1. Have a look at Phe56, Phe44 and point out the one that is modelled with pLDDT under 80, surrounded by 11 or more Cβ atoms within 10 Å (Cβ to Cβ) and of a type outside the set (A, V, I, L, M).
2. Just for the stretch 88-108: of the residues that are out of contact with any strand residue (DSSP E or B) (no Cβ under 6 Å at 6 or more places or on another chain) and surrounded by 15 or more Cβ atoms within 10 Å (Cβ to Cβ), which one is modelled with the highest pLDDT?
3. Taking the criterion of being within 16 Å of Leu149 (Cα to Cα) and surrounded by fewer than 18 Cβ atoms within 10 Å (Cβ to Cβ), would at least one residue in the stretch 120-130 satisfy it?
4. What about Ala140, is it small (Gly, Ala, Ser) and more than 29 Å from Phe44 (Cα to Cα)?
5. Pick from the stretch 121-150 the residues that are assigned to a loop (DSSP other than H, G, I, E, B) and over 17 Å from Lys169 (Cα atoms): which of them is modelled with the lowest pLDDT?
6. Look through the stretch 164-185, keep the residues that are assigned to a loop (DSSP other than H, G, I, E, B) and surrounded by 13 or more Cβ atoms within 10 Å (Cβ to Cβ), and return whichever of them is modelled with the lowest pLDDT.
7. Please go through the stretch 59-73 and give me each residue that is of a type outside the set (D, E, K, R) and surrounded by 12 or more Cβ atoms within 10 Å (Cβ to Cβ), ordered by number.
8. For Glu28, are the conditions met, namely being at pLDDT below 80, farther than 20 Å from Trp115 by Cβ and of a type in the set (Asp, Glu)?
Amino acid sequence: MSKKYGTFTSELLSAIGEATGFFSWPPEGTSGWVRRQLRHRKKFYNTLRSLKQKGFVKEISKSGQRFFSLTSKGELELLVRKAGLEKPKVWDNQWRIIIFDIPEDCREYRDRLRWLLRKNDFFKLQQSVFVSPYPLNREAISYLKQSGLIDYIRIIRANEIDDDRELRKRFGLRQSGNDTSNSRP
């Protein structure tokens with residue numbers, strides 16, 4: 001899995017996912033993106049074959065024409081790839097804390113969740129505890145719901161964490177005016 005949204009694989013997944021009905025090949029009235037990619041046919045076909053092998057895309061042939069559509073697994077993959085963070089301009093002084101306990105037999109989903117949290121600028125506080133001053137976006141929440149991971153996760157919004165100086169520094173947030181965080185409760 002490519003970890004960066006905007007790669008060729010992500011763009012192809014998006015093009016197939018955004019096609020109304022099915023993505024046909026060769027495309028009729030090609031869009032600018034597809035036209036640019038035709039210069040890289042080998043890369044296109046290799047990426048498409050890889051997406052089919054991973055179960056993200058299915059191929060359907062009708063009247064000698066090939067069509068492609070996303071599978072449910074492909075739709076989840078597209079959501080993950082789109083789940084980038086849009087940071088708000090002003091911090092609302094709320095920490096987002098995500099705790100999870102995902103069973104060992106779901107290791108792949110647990111690893112994907114950790115990747116998603118890091119991509120959304122969450123900091124690993126403890127093994128299954130991540131924190132960020134920024135909320136998850138809609139695509140990330142949709143992925144958690146559709147994948148069933150939401151059942152293993154708790155999302156907490158807190159206005160205070162004891163001794164948050166290091167967290168504020170890590171996220172480039174201004175220290176509060178009455179910083180008494182040297183004393184612990």
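1. Answer to the selection: Phe44.
2. This residue is Ile102.
3. Step one: list which residues in the stretch 120-130 are within 16 Å of Leu149 (Cα to Cα), which gives 128-130.
Now narrow it down to the ones that are surrounded by fewer than 18 Cβ atoms within 10 Å (Cβ to Cβ): 128-129.
Scanning the stretch 120-130 turns up at least one residue that is within 16 Å of Leu149 (Cα to Cα) and surrounded by fewer than 18 Cβ atoms within 10 Å (Cβ to Cβ).
4. Details: small (Gly, Ala, Ser): yes; more than 29 Å from Phe44 (Cα to Cα): no.
The answer is no for Ala140.
5. Out of the qualifying residues, it is Asn137.
6. Top of the filtered list is Ser181.
7. The answer is Gln65, Phe67, Phe68, Ser69, Leu70, Thr71.
8. yes
The values are calculated or read from the model by the stated rules, or taken from the named source; none is laboratory data. Owing to the predicted nature of the structure, the values given are computational and were not obtained by experimental measurement. Every residue, glycine as well, gets a Cβ built from its backbone with ideal geometry; the counts of neighbours run over all protein chains shown.
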